[in-house]
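S.K.: Can you keep this structure in mind? I'll have questions shortly.
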Amino acid sequence: MTLRLIPASQAPAYQQAITDMIGEWQQTGEKIIPYAIRRHDVHDFAAYCEALDLKNPPEGMVSDSTFFCLEEETGQMVGAVNIRHWLNDALLLNGGHIGDGVRPSRRREGIATRMIALALPECRKLGISKVLMVCDRENTGSRRSIENNGGVLENEVLVDGVWERRYWMAVGDGVDDKQVQRA
């Protein structure tokens, strides 16, 4: 299986594959992750694509970049990652630099581990040398995909009644002052 990250700027060329993935997720009734691929209605695809990357974020949000994960052999979108360019206080506690999700029918195939591995060089391009990823304590799959990419557990924090695990991973060649932007 060959996976490739497709930046938001190229999403219009993959409209059917993206809407199929979002539709499958919606049919399950579960929350679509990362948030960036659900924050706008996919049915107005032009507006949806335009809103995937936050270049000039509103108050309380940070700039981000969204990538879809394409399985080249089948042409199927199997997931997505969203990279936050810096961390505000909320993301530093619970959110991190990378949010990722795998479409429901393709879980337990190692896709999340490979998507994270593909996202780390994108973080490096943004000047991020140390990436924070966060997952629920009970989410064994996310924990494993983070640890498989060198994530080192810093601590666990209780957020809205849920224990969250905070992992750091070094990606090198970045600029440390881009890690956290305080409001």
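Read-outs throughout are calculated quantities, based only on the coordinates presented, and are distinct from any laboratory measurement. Since this is a predicted model, take the numbers as computed values, not measurements. Please note: Cβ atoms are built from the backbone with ideal geometry, for glycine as well, and neighbour counts cover all protein chains shown.
S.K.: Helix 111-125 versus the longest principal axis of the chain: what angle, 0 to 90°, nearest 10, using Cα atoms?
M.R.: 60 degrees
S.K.: For an R0 of 35 angstrom, estimate the FRET efficiency from the Cβ-Cβ distance between THR140 and HIS43 and round to the nearest 0.05. Display every interim value, and only then the final one.
M.R.: Numbers: r = 34 Å, r/R0 = 0.96.
It comes out at approximately 0.55.
S.K.: Quick check: residue separation of ASN148 and TYR35 times 0.36 nm, minus the Cα distance between them. What number comes out in nm?
M.R.: Result for the pair: 38.4 nm of gain on full extension.
S.K.: Could you tell me the convex hull volume per residue, in Å³, taken over the Cα atoms of the chain?
M.R.: Taking the convex hull of the Cα positions in the chain, it is 119 Å³ per residue.
S.K.: Which FRET efficiency, nearest 0.05, do ASN155 and THR74 yield, Cβ-Cβ r, R0 41 Å?
M.R.: Taking R0 as 41 Å, the efficiency between ASN155 and THR74 is 0.55.
S.K.: Grab the Cα-Cα distance for LYS130 and GLN27, subtract it from 0.36 nm times how many residues apart they are, and report the gain in nm with one decimal.
M.R.: Value of the extension gain: 33.5 nm.
S.K.: Multiply the residue separation of ALA90 and GLN15 by 0.36 nm, subtract the distance between their alpha-carbon atoms, and state the gained length in nm to one decimal.
M.R.: Here the segment from ALA90 to GLN15 would lengthen by 23.8 nm.
S.K.: State whether segment 68-175 is rounded, prolate or oblate according to the following rule on the C-alpha gyration tensor (a ≥ b ≥ c being the square roots of its eigenvalues): a/c under 1.5 gives rounded; otherwise a/b larger than b/c gives prolate, and the remaining case gives oblate.
M.R.: Note, shape of segment 68-175 comes out oblate.
S.K.: Based on the mean of other Cβ atoms within 10 Å per residue, sort peptides 114-127, 39-52 so the most packed one is first.
M.R.: 114-127, 39-52
S.K.: Suppose only helical runs count, i.e. DSSP H with n ≥ 4. What mean residue ellipticity at 222 nm does that imply for the chain under -39500 (n - 2.57) per run, divided by all residues and rounded to the nearest 500 deg cm²/dmol?
M.R.: One gets -8000 deg cm²/dmol as the mean residue ellipticity at 222 nm.
S.K.: So, one more: On the Cα set of segment 31-127, report Rg and Dmax in Å, please.
M.R.: When restricted to the Cα atoms of segment 31-127, Rg and Dmax are 13.6, 41 Å.
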